[in-house]
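Throughout, read-outs are computed from the coordinates displayed, never taken from laboratory work. Values in this document were obtained by computation on a predicted structure and should not be read as measured data. Here the Cβ positions follow ideal geometry from the backbone for every residue, glycine too, while neighbour counts run over all protein chains shown.
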Amino acid sequence: MAYNLLKGKKGIIFGALNDMSIAWKVAELAHAEGAEFSLTNTPVSMRFGEIHELSKKCNNAPVIAADATSISDLENLFTQTMEHFGGKIDFVLHSIGMSLNVRKGRTYDDLDYNFLQKTIDISAISFHKVMQVARKLDAINEWGSVVALSYVAAQRTLYGYNDMADAKAMLESIARSFGYIYGRDKKIRVNTISQSPTMTTAGSGVKGIDGLMDFTERMSPLGNATAEECASYCITLFSDLTRKVTMQNLYHDGGFSNMGMSLKAMNMYNMGLENVENPEELD
Ligand SMILES: NC(=O)c1ccc[n+]([C@@H]2O[C@H](COP(=O)([O-])OP(=O)(O)OC[C@H]3O[C@@H](n4cnc5c(N)ncnc54)[C@H](O)[C@@H]3O)[C@@H](O)[C@H]2O)c1
């Protein structure tokens, strides 16, 4: 059911790779809610992904290639988007993450530091770059909204999340620091949504994702939040209903982040204990 929450609003959506991507679900829902937007990803992701299909579904949304770590690509993206819509935009979704250390199986105590710099640049600093470029071009209307997607590993250690945890901590810090400046000067809000583990291309790179998703499902009183539910939350943050929400990291995880132990998880854990001969020998 649509509510026309984004009627008349324009935006940019980063990170729709395929129909599993959280950004893909956000684009579909933003379109249903009356928004117009450009879609963007890296040229390589566009070749291997399905962004042009998404564009067709969204009233032929302009597709503009940009590596989010490149200032000139971002300048071109914002300029072209404003030319296309004949003015400033109202919302931006940053749905970008990538770690070469994770991809290449380097553990957190054996990081490749060139990879680490790439992780941070792509997954965190790009958020700063997006906003710095937007602000210099005065590309976002007053009461506009900028959202990036984060994960609870920014606050708590989760085995296998690796250097992405550091990137997410920085991403959330950037939301606060830029949120102050953008709010003060332009009344633009900046938030991160901390989403449940979700089965996407990036998600499937997380070590033990199946077991992790089962664990968080059992731990969360409301269960894991899906990509579609994440999209709904993004829409509320782009809408005029949340104008005074800024500089926040907003948990969208069915309650997981405030749990210590649940009955469902405890039952599962106890079953494991009963079935393992020498539990003290497990790492
Ligand atoms: N899937 C999960 O479990 C989960 C949980 C919490 C947060 N998140 C976050 O959600 C966001 C979206 O991820 P997803 O799960 O939809 O996976 P996804 O793989 O569909 O999306 C990641 C996107 O990042 C893009 N990207 C990578 N490098 C880029 C660059 N240099 N410039 C521009 N774009 C680039 C990819 O092309 C891809 O479209 C990420 O920030 C991710 O960390 C995901």
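Would you mind checking the pairs Lys56/Lys244; Lys10/Lys136; Lys57/Lys104; Lys56/Lys207; Lys9/Lys187 and listing those with alpha carbons more than 25 angstrom apart? Don't jump to the answer; show the numbers that get you there.
Details: Lys56/Lys244 34 Å; Lys10/Lys136 18 Å; Lys57/Lys104 35 Å; Lys56/Lys207 34 Å; Lys9/Lys187 16 Å.
In this structure, Lys56/Lys244; Lys57/Lys104; Lys56/Lys207 lie more than 25 Å apart at Cα.
Divide the volume of the convex hull of the Cα atoms of region 222-272 by its number of residues and quote the answer in cubic angstrom per residue.
Working: hull volume 5.0 nm³, N = 51.
Considering the Cα atoms of region 222-272, their hull volume per residue is 98 Å³.
Please work out the Cα convex hull volume for the chain and give it in Å³ per residue. Intermediate values should be presented prior to the final figure.
Numbers: hull volume 38.1 nm³, N = 283.
Dividing the Cα hull volume of the chain by its residue count gives 134 Å³.
How much length is gained if the chain between Met1 and Arg176 is pulled fully straight, taking 0.36 nm per residue apart and subtracting their Cα-Cα distance, in nm to one decimal?
Values: separation 175, 0.36 × 175 = 63.00 nm, distance 3.27 nm.
Computed gain between Met1 and Arg176 is 59.7 nm.
Over all directions, average the projected area of the Cα convex hull of region 1-119 and note it in nm². Show your work: numbers first, answer last.
Details: hull surface 33.8 nm².
Hull-based average projected area comes out at 8.5 nm².
Using a simple charge model, +1 on the beta-carbon of Lys and Arg, -1 on the beta-carbon of Asp and Glu, nothing else, what dipole does the chain show about its Cα centre, in debye to the nearest 20? Could the numbers behind the result be given before it?
Details: 27 positive and 33 negative charges, 254 e Å.
The calculated dipole for the chain is roughly 1220 debye.
Hey, got a sec? Which GluC sites (Glu not before Pro) in region 254-283 land in a DSSP loop and have at most 12 other Cβ atoms within 10 Å? Can you show the working numbers first?
Values: sites: Glu274, Glu277, Glu280, Glu281; in loops: Glu277.
Here the GluC sites (Glu not before Pro) that fit, given the DSSP loop and packing criteria, are Glu277.
Expressed as a whole number of Å, what is the distance separating the alpha-carbon centroids of region 95-125 and region 47-81?
24
Evaluate 2.2 N^0.38 Å with N set to the residue count of region 136-217, then give the Cα radius of gyration divided by it.
Numbers: Rg = 15.4 Å, N = 82, 2.2 N^0.38 = 11.7 Å.
Here the Cα radius of gyration is 1.32 times the empirical estimate.
Using 0.36 nm per residue of separation minus the Cα-Cα distance, give me the extension gain between Arg243 and Ser72 in nm, one decimal. Don't skip to the end; give the middle numbers.
Numbers: separation 171, 0.36 × 171 = 61.56 nm, distance 3.04 nm.
Additional length available on full extension: 58.5 nm.
Can you pull the percent of Cα pairs in region 66-182 with separation above 22 Å? Please list the in-between numbers first.
Working: 2507 of 6786 pairs.
Tail fraction, whole percent: 37.
Can you check what the net charge comes to around Met20, using other residues whose Cβ is under 14 Å from the Cβ of Met20 (Lys, Arg +1; Asp, Glu -1)?
Values: positive: Lys25; negative: Asp19, Glu28, Glu50, Glu53, Glu228.
Net local charge, Met20 excluded: -4.
For q = 0.16, 0.22, 0.23, 0.27 Å⁻¹, what log10 I(q)/I(0) does region 45-89 give under the Debye formula with an equal point scatterer on each alpha carbon and no solvent?
-0.49, -0.86, -0.91, -1.04
Over region 132-283, what number does the Rg to Rh ratio reach, with both radii from the alpha-carbon atoms and Rh per Kirkwood?
On the way: Rg = 18.4 Å, Rh = 17.2 Å.
With Rg and the Kirkwood Rh in hand, the quotient comes to 1.07.
Please check which bits of region 193-216 a label hung off Asn267 would reach, taking the label as a point 7 Å along Cα-to-C-beta and the cut-off as backbone N under 17 Å.
214-216
Nothing charged except the Cβ atoms of Lys and Arg (+1) and of Asp and Glu (-1): what's the magnitude of the dipole of region 145-270 about its Cα centre? Round to the nearest 20 debye.
Numbers: 12 positive and 11 negative charges, 110 e Å.
So the magnitude is around 520 debye.
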